[in-house]
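Enquirer: This is the structure, below, for whatever I ask next.
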Amino acid sequence: MSLLLVLVLSGCVTPTGPTEVRRFHSIDNSASLASTRIAIIPANDVAEQILQFRIYAQAVENALRAQGFVIVDAADSPDQIARVSYNSEQRTVGSGRGPVSVGVGGGTGGFRGGLGGGIGFNLGGGSSERIFTEMRVSIEQQSDGQRLWEGEALSETKSGSPEAEPRLIAAKLADAMFLDFPGESGESYEVK
């Protein structure tokens with residue numbers, strides 16, 4: 001069996017896929033992203049999901065600390081605010097599909113614009129439950145609300161696998177998003 005086929009087949013049983021990351025910042029403001037006092041808050045109303053939000057906030061907090069930021073409470077006059085949002089859903093993939101699928105997607109709005117596509121090969125022949133999780137973080141100046149940086153990360157994990165634990169997913173997303181922070185504006189990359 002060829003090495004390529006072995007690598008492709010071994011990828012089919014992997015419980016977690018690569019994390020896809022996109023991030024943007026204003027070149028003029030990238031110097032403002034140096035180590036500073038920062039508070040982490042929800043990007044939207046998550047009052048009903050506050051315990052789950054805390055998992056994602058903790059992962060972002062750990063990643064920001066690793067970058068030299070000092071984490072403070074929002075009431076303690078931080079220099080910057082990190083707004084965190086997330087979405088996680090379970091989907092059945094692979095059922096009713098042919099051996100080859102082609103996908104195209106796009107988006108607009110704010111810094112998030114783009115068009116992408118891909119080709120997938122269904123080698124398993126069956127369906128499986130997968131967890132798709134997306135996390136977004138934007139960093140703003142506390143004084144005027146000016147957005148300095150934003151990133152988004154997306155992962156796919158096999159449902160029921162040890163890697164499907166929410167804390168592990170959140171840590172993987174945050175670590176990938178803040179890799180080589182602040183990064184090149186407009187870059188997209190994958191972390192395996």
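Enquirer: List every residue pair whose Cβ atoms lie under 6 Å apart, where the two residues are 6 or more positions apart in sequence or sit on different chains, the first residue falls within the stretch 135-146 and is buried (at least 17 other Cβ atoms within 10 Å of the Cβ), and the second residue, located anywhere, is assigned to a strand (DSSP E or B) and among the hydroxyl-bearing types (S, T, Y).
Expert: Once the first residue is buried (at least 17 other Cβ atoms within 10 Å of the Cβ) and sits in the stretch 135-146, its partners that are assigned to a strand (DSSP E or B) and among the hydroxyl-bearing types (S, T, Y) give M135/Y86; R136/S85.
Enquirer: Could you pull out every one of the strands (runs of 3 or more DSSP E) wholly within the stretch 33-111 that has 2 or more residues that are at pLDDT 75 or above, open to solvent by less than 70 Å² (accessible area, probe 1.4 Å) and under 16 Å from V137 (Cα atoms)? Spell out how you get there, then give the answer.
Expert: Numbers: elements: 37-42, 80-93, 100-107.
The qualifying strands (runs of 3 or more DSSP E) are 37-42, 80-93.
Enquirer: Further question: Could you list, ordered by first residue, the pairs with Cβ atoms under 7 Å in which the first is in the stretch 17-28 and open to solvent by less than 40 Å² (accessible area, probe 1.4 Å) and the second is outside any strand (DSSP E or B) and charged (D, E, K, R), at least 6 apart or interchain?
Expert: Between residues of the stretch 17-28 that are open to solvent by less than 40 Å² (accessible area, probe 1.4 Å) and residues that are outside any strand (DSSP E or B) and charged (D, E, K, R), the close pairs are T19/K172.
Enquirer: Here's something else I'd like to know. Go through (1) open to solvent by 30 Å² or more (accessible area, probe 1.4 Å); (2) at pLDDT 90 or above; (3) closer than 21 Å to S88 by Cβ; (4) not acidic (D, E) one by one and return the number of the condition Y189 breaks.
Expert: (3) is the only condition that Y189 fails.
Enquirer: Hey, among the residues in the stretch 156-170 that are of a type in the set (D, E, K, R) and not in a loop (DSSP other than H, G, I, E, B), which one's nearest to G17 (Cα to Cα)?
Expert: Initial filter on the stretch 156-170 (of a type in the set (D, E, K, R)): 156, 158, 163, 165, 167.
Those left that are additionally not in a loop (DSSP other than H, G, I, E, B): 156, 158, 163, 167.
Details: E156: 5, K158: 8, E163: 10, R167: 16 Å.
Out of the qualifying residues, it is E156.
The values are calculated or read from the model by the stated rules, or taken from the named source; none is laboratory data. Because the structure is a prediction, the values reported are computed rather than measured. No Cβ is skipped: glycine too gets one built from the backbone with ideal geometry, and neighbour counts run over all protein chains shown. Surface accessibility is based on the protein's heavy atoms, side chains included, excluding ligands, DNA and RNA. Shrake-Rupley method; radii C 1.70, N 1.55, O 1.52, S 1.80 Å.
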